[in-house]
Each structure stands twice: as structure tokens, then as C-alpha cells.
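Only one structure is covered here, and it is reproduced in the block below.
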Amino acid sequence: MKKLILSALFATGLVAGIEAAPTETFTQADLQAIIQRLNQLEAENKAQAERIAELERAQQTNVCRIDDFGRRATQIDRKFEIQAARMSKMAKASFEPEADTTTNETGRIYTTSTGKHYYLADASAHIFEPLSESGLQITPYGYFVFEGVYADHGLDMDYCTDFVHSKRDPRYKNHNSTLSVQDSILGLQFMTPEATHGWKFSGKAEFDLAGGNADDYAFHWRHLYVNAEHEGGWSVLFGQTWHLWKMVTPSEIDGAWMENAGHPYRRSPQLRVTKKWDWEDSSLEWRVGFVKNGPNASTDRDGDRMLDSSSSAWGWFETAFLYDHEAAWDEGRRWLIGLGGMYGRDASRRFSYIDPDGDYVWEGRDDDYNSQMVMLALSVPFLEKFTLTGQVYGGENLGRVQAGCAQGVAFTPGVVGQKGEEVATVGGFVDLTYELNDTWSFALGYGFDDPRIDNGMGVAWDWDGSAPDTNYYEFNDRLYIDAFYHITANFKLGLEYARLSTKYAEDGTALANRVQFSAFYDF
């Protein structure tokens, strides 16, 4: 082909040269340029042909792959259909409605002629869940925890702790080690699966076996309440659960949960009303309620076998505002800020004299003591894996909600017939967590409680109210570091180191190092 073109060009050039010899000349250089251009075009043509052939081969391979993928997808779809049919048949076989079975207006709650109730949880799979006679869906939950603890100085409790023993206490130098399961929790959640006239009901019945030490399995209720929630955002709760101002929590695994060290909390009987507003990227929740009594939520300072909270017509009036919003700096996560507080009173009789045995005798008039607190809480995520959580609070007579180092009212020693003084306190905690991945997470935190005994009062009452103590608590704090290893979604291990310190009015500061290992199984 190339030779033919060259011959034609040569002949044409020769004729043209003969006819126009006097004015134009077809040189050897021109001919060489044409030959080079033809070689270039031929090389490009070959490269293009090879590219076309390569694309044709790739196309044929992709067609084969697509056919193979199509066959596999068809096989998977068929297997899924077969499995779904089997599950549907099994579900139907497990619940065969009787002849006179009826359904409610939504067609999802079945009632048999014998009065049994079933809820159609998944219409496509025909999964039926039994309901109680009152139409409640009941689910067990909780976690089992095994804990091992070692401390190099004596603490007020073995498997969980608030304080370090004072240096003059002979137990201060005692090492402490224990194995326990008392922090395990068992409970039942119950709910109505569908709303009636816009209302849904839910609640908890939860207990633990946390006694006074690792050998004491003392049954006590944690939560026992019913919550009626309306589709308009209102809810009414009655029963025993957290106080309304409990908004954030630390990551510490010590069962005492930083009580009297920056994290007040308590569960008490209450009546609360909540209103929640939900928007596209934020929400606001307002709680208000009346709270009174509860496990260890009161004292009997005058020893009349009537709790000081019951001796008063007052209880605790509590409220909280919680606002959360999507974090613009951390996609998919939310930050929270909360403001809460309470005001209430308790009452006890003023003591009249000290008997020959040194015991206080209470025959005076009734005295009311204020109990009040304001709390600010915050939780902020950042850098995708970190969360900073904390709170600060201040108030007085907070010993029954595990603040003020368990001290509520102070008295001047040896002064007969004088009213006591509420113990003021400030405190708080900060907690930083880091979620490395689905397996590992870590936490670092610090909390403190700083009670102030004012107006010349020099004695705080012990936890049980049995006798005054001049060596009262002046300050309590702890620093902790935690590591968690998640073996499965339900099973994890935890390891914690904590540095505890307690300052006494007469004995100064006592220190302890504490290490805890825990294994948790949630269900």
C-alpha cells in the first residue's frame, strides 16, 4: 500500500516537474517528509487497531462476568426466597389463630377466644410476640458483671467505695481485695406496642443485689415505674426512677459511680411531667416533678423512727431542661447541654440534752432544713472518636443525694438546744472518652466534692445519724483511667485504675490506689 502511494506520488511529481520545471521543483526533502508522515500514520493506525482489539476482548470478558454475576444473584435470590418461606412457615406454625380470633383496628394485635393476646411484630415474616393479659409486651434485660478489686489502703467498702479511711483509723493501712457480682442488674421492660387514643405506656421493674459488702446480697429496687407518653410530646411518669436533674454520667466502672466525688444521683418515688419538642436537627426536653423518700434518701436524725423527709410536708420539687443538637463539626453526632435543680425541706426535732451515757436526747421543737441544688451538665463530641462530658453543681443539705460527702446537717458539739446548719457544697466531674474502634475504648476522668460547714458548726452527722463526728469530711476526690475491650456486642472487659483522696477535719488527707477488673455480659 505504501509503495503504491509512493509510486503514484513520484509519477505525479515527475509530470508536474516536467510541466512546471522553470518555476517549481519537487525536491528529495519533500519526498522524505511525505514518507515520514506516512510511517507515522501507519504506526498510529496499528496502535488504534490493537486498542480496538483489546476493547473487544475486555467487552467479551465483562459480558461473561455479568452473566456469571447474574447467575449468582439469581441463586442468592432463590435461596433467600426459600429461607424466607421456611421462616414464614415456622412462624405460622408457632402461632395458629383459633377460629374466633379477632384483631384490633390496625390488624396487628390478635386476641384469641381464650383471651390470649399476640402482637404481629413483623408482617412480612409473620412473627408473633405474646402479650400479657393487659396487652403489654414484656422483655427481660440486664447485665451480669464479675468484678475483682484491689486497693492498697483501707476504703469504706470493698467492692465499691466512696471514701478512704482516715490515717488514725486502724483500717487505713489494710489492703483490700475482693471478688463480687453484686453490681449485676436484672429487670423487665414493658410497653404497649400500639397507641390508644394517642397514648402509649411503658415502664421498668429493675433490681440489683448490692449490699453493704461483697458477701451481702441485699435485694433492692432500682426502678419501678410506669410512663404514659402522648404522641403530642407530653408524658407523665409515676413510680421510682432517677431524680430529674440526672442528665449525664461518668464512664467509671466502680459501682459507687463517683457518688460523693462529683456525681450526685439517687432513685426515688416521684410524679413527673415531661414535655419534649423535636425539630429536624435538635430537640428540647423539659421535666418537672415532685420527689420524696426512696432507698437511703432520708435520715432519722432525732431517732423517732420517722424519716426526716416524712416528718416534713415538703419533699423535693425538681426540674431540668435538656437541649441537644446535631454537631456541625462532627457529622452524625449530637451535643447536649442541661440545666437542672431542686428545692425541698426535711424536718427533725432539736436535741435537748446529753444523757449520762453521752447520748443525745431529742425533746425540742421541730426544725426545718432546706435542701437545694443547681446543676449544669454538658456533653460534646469532637474529632469523630472523642466525647467530653461533665457537670458542676452547688447546693446545701445534699447528703441524701450523695453529695456534700454524705453530710446534710452540722451541729456545734456540746451545745444543747441549738438548731443545726445545712452543709453547703460544690462539686462536679469531667470525663473524656475515646472510641478507638469497635473493639477498644478508653476513658479519663476526675471528680470532686467540696463541702463547707459554716457558721461555727463543727460537727457533721454520720451516715446513719447515730452520733456526731468531729472528724468530718472536708474534701473528697478521685482520678480514674479506664480501658474497655469489646469481645462481642454483648460481652466486654473493663480495667480501671483510680487514685482516691479524702480530707478529714482532724486527720488531714488520706490516699489510696485502687485497681478494678470487670467482665460484663449484657442481654
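The values are calculated or read from the model by the stated rules, or taken from the named source; none is laboratory data. Quantities reported herein were computed from a predicted structural model and do not represent experimental measurements. Don't worry about glycine lacking a Cβ; one is built from the backbone with ideal geometry, like all the others, and counts go over all protein chains shown. These accessible areas exclude ligands, DNA and RNA; they are computed on the full protein's heavy atoms, side chains included. Shrake-Rupley method; radii C 1.70, N 1.55, O 1.52, S 1.80 Å.
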Inset, instruction - Using the structure shown, select from LYS167/LYS492; LYS292/LYS419; LYS246/LYS292; LYS200/LYS275; LYS116/LYS200 the pairs with a Cα to Cα distance greater than 25 angstrom. - result: LYS167/LYS492
Inset, instruction - Could you list which residues have their amide H under 5 Å from that of HIS243, counting only those 5 or more apart in sequence or on another chain, with H placed in the peptide plane? - result: ARG266, SER268
Inset, instruction - Using θ = phi - 60° and the Karplus relation 6.51 cos²θ - 1.76 cosθ + 1.60, list the HN-Hα couplings for the range 209-223 in order, rounded to whole Hz, with x at every Gly or Pro. - result: 10, 7, x, x, 7, 5, 9, 9, 9, 9, 5, 8, 5, 9, 10
Inset, instruction - For the range 124-226, give the percent of accessible area contributed by carbon and sulfur heavy atoms, probe 1.4 Å, rounded to a whole number. - result: 60
Inset, instruction - Using θ = phi - 60° and the Karplus relation 6.51 cos²θ - 1.76 cosθ + 1.60, list the HN-Hα couplings for the range 251-260 in order, rounded to whole Hz, with x at every Gly or Pro. - result: 8, 5, 9, 4, x, 5, 6, 6, 5, 6
Inset, instruction - Rounded, prolate or oblate: pick one for the range 194-256, where a ≥ b ≥ c are the square roots of the eigenvalues of its C-alpha gyration tensor, a/c under 1.5 means rounded, and failing that, prolate if a/b is larger than b/c, else oblate. - result: prolate
Legend entry - Whole-angstrom Cα spans of the range 143-294 along principal axes, big to small: 63, 31, 26
Inset, instruction - Give me the accessible area per residue for the range 111-257, probe 1.4 Å, as a whole number in Å². - result: 48
Legend entry - Under Karplus coefficients 6.51, -1.76 and 1.60, residue-wise ³J(HN,Hα) of the range 233-241 in Hz, glycine/proline x: x, 8, 8, 10, 10, 9, x, 9, 7
Legend entry - Cross-link partners of LYS46 among aspartates and glutamates (Cα-Cα below 16 Å; sequence separation of 8 or more within a chain): GLU54, GLU56
Inset, instruction - Can you bin the range 374-437 into rounded, prolate or oblate? Criterion: square roots of the alpha carbon gyration tensor eigenvalues sorted a ≥ b ≥ c, rounded for a/c under 1.5, prolate for a/b above b/c, oblate for the rest. - result: prolate
Inset, instruction - Between TYR217 and LEU479, take the C-beta separation as r, use R0 = 41 Å, and let me know the FRET efficiency to the nearest 0.05. - result: 0.85
Inset, instruction - Determine the gain in length on full extension of the stretch THR106-LEU224; use 0.36 nm per residue of separation and subtract their C-alpha separation, reporting nm with one decimal. - result: 39.5 nm
Legend entry - the range 244-288: mean projected area of Cα convex hull, nm²: 4.6
Inset, instruction - Work through the residues other than THR111 whose Cβ is under 11 Å from its Cβ and net out their charges, Lys, Arg +1 and Asp, Glu -1. - result: -2
Inset, instruction - Express the accessible area of the range 372-425 per residue in Å², computed with a 1.4 Å probe while the remaining protein chains stay in the model. - result: 35
Inset, instruction - Pairs of Cα atoms under 8 Å, at least six residues apart: use those to get the relative contact order of the range 88-191, whole percent. - result: 22
